[in-house]
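The block underneath contains the structure these notes are about, expressed in structure tokens.
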Amino acid sequence: MRRRTVIAGLALAGWPRIAGAQTQAHVAALWPFTESDDEGRALAEAFNAALRDQGHPDQPVDHRWGGADPERTRILATELVAARPPVIFAYLNAQLSAVATATRTIPIVFVGASDPVGFGYVESLQRPGGNITGFTLYEAPLGGKWVAALKEAVPSIRRVTLLSNPSTEIRGKNLYAEPFRSTASALGIEPRVVKVEKTADIDPVIADLARQGHGGLIVAPGTFSEANGDRIVALTTRNTIPTVFAIRRFAYRGGLMSYGPDPTEAVRRAAAYVGRILRGENPATLPVQAPTKFDFIVNLKSARGMGVDISSALLAQADEIVE
């Protein structure tokens, strides 16, 4: 049975009524997918449906698709801000960064920005204090949980690589690196953090793990991972590298395991915030919320293909098993 995260909303002070007066102007949404991407389309529809459920059945939404291209994302963000929408929705760090750089006045609701206080997007989680608020998906301690899950699934593992990307870094340091390294060391595993910025960087990382043997991979979330997850699944499957993904859909697509929140739930909650801002509430006083439920998904078919014998104790902890 699926368990759902329940995060309580708060009734808070009003935002100037100019936002409420423009309810028929297009709400803007910026996504890290291509327009043809099934995952992106499903999340966009979840956003639209939740906005309708919030009492805005006729609210038009201008969805823009930047993919993993930083320059295209920047251009789209500039165009969206120039159109002066009543609210902008941004999915993941790179998209939030692009729109936040372009405006300090238009309300922005995000999903998936890691450490929004550390990045300087908000003053505090409880009271953001500016024009930005939203919902986080991933937090630093997950770095240790991913390692622990990998070790329990594959007790013989000796080394593990955390595949990092620019959107998971704050001032040059990976958000998950410290708990990742400390947990790995405590479990007798050699940790390594590798930063990748383009698709071609992936192959040598996985080839090195395959050459050394007894290695595993953790794929940190972010725009890069969203765009390249299928390639990583194919390469790790071909090279029999046990891999934990933060992004859940890659466990369904052949990755060994995933541990993370349900992004659809976060998108729906973000749409609720958008609806509240359209009705006049102030993003400065809407607290940034974190998920309280993370789903552990095991792909048993992939495990068998890799010769990994997942213990019954670990399977009992899984929220979903892909057979």
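At 1.4 Å probe radius, can you tell me the per residue accessible area of the chain in Å²? Can you show the working numbers first?
Details: 13620 Å² over 323 residues.
Normalised by residue count, the accessible surface of the chain is 42 Å².
State log₁₀ I(q)/I(0) for the stretch 55-196 at q = 0.14 Å⁻¹ as given by the Debye formula over alpha-carbon point scatterers of equal weight, solvent excluded.
Log-scaled intensity ratios, in q order: -0.74.
Could you list the GluC sites (Glu not before Pro) in the stretch 133-241 that lie in coil according to DSSP, counting only those with at most 13 other Cβ atoms within 10 Å of their Cβ?
GLU197
Roughly how many debye, to the nearest 20, is the charge dipole of the chain about its Cα centre, given +1 on each Lys and Arg Cβ, -1 on each Asp and Glu Cβ, and no other charges? Mind showing how you got there, number by number?
On the way: 35 positive and 32 negative charges, 85 e Å.
Taking the Cα centre of the chain as origin, the dipole is about 400 debye.
So which trypsin sites (Lys or Arg not before Pro) in the stretch 126-170 are both in a DSSP loop and have at most 14 other Cβ atoms within 10 Å of their Cβ?
When the trypsin sites (Lys or Arg not before Pro) of the stretch 126-170 are filtered for loop state and at most 14 Cβ neighbours within 10 Å, ARG158 remain.
Helix 70-82: angle to the longest alpha-carbon principal axis of the chain, degrees 0 to 90, nearest 10?
Roughly 20 degrees, rounded to the nearest 10.
Could you state the orientation-averaged shadow area of the convex hull built on the Cα atoms of the stretch 117-187, in nm² to one decimal?
It is 5.7 nm².
In a Debye calculation with equal point scatterers on the alpha-carbon sites of the chain and no solvent, what is log10 I(q)/I(0) at q = 0.11, 0.12 Å⁻¹?
Taken in order of the listed q values, log10 I(q)/I(0) reads -0.68, -0.79.
Dividing the convex hull volume of the Cα atoms of the stretch 203-323 by its residue count, what figure in Å³ per residue is obtained? All intermediate terms of the calculation are to be shown ahead of the outcome.
Working: hull volume 14.7 nm³, N = 121.
Convex hull of Cα atoms, per residue: 122 Å³.
Rounding to the nearest 20 debye, state how big the charge dipole of the stretch 25-113 is about its Cα centre with +1 on each Lys and Arg Cβ and -1 on each Asp and Glu Cβ.
The dipole magnitude comes to about 400 debye.
For the stretch 55-132, which trypsin sites (Lys or Arg not before Pro) are in a loop by DSSP, counting at most 14 other Cβ atoms within 10 Å?
When the trypsin sites (Lys or Arg not before Pro) of the stretch 55-132 are filtered for loop state and at most 14 Cβ neighbours within 10 Å, ARG104 remain.
The values are calculated or read from the model by the stated rules, or taken from the named source; none is laboratory data. No experiment lies behind these values; they were computed from the predicted model shown. Here Cβ is always computed from backbone atoms with ideal geometry, including for glycine, and neighbour counts include all displayed protein chains. Side chains are part of the model used for accessible areas, which takes the heavy atoms of the whole protein and leaves out ligands, DNA and RNA. Shrake-Rupley method; radii C 1.70, N 1.55, O 1.52, S 1.80 Å.
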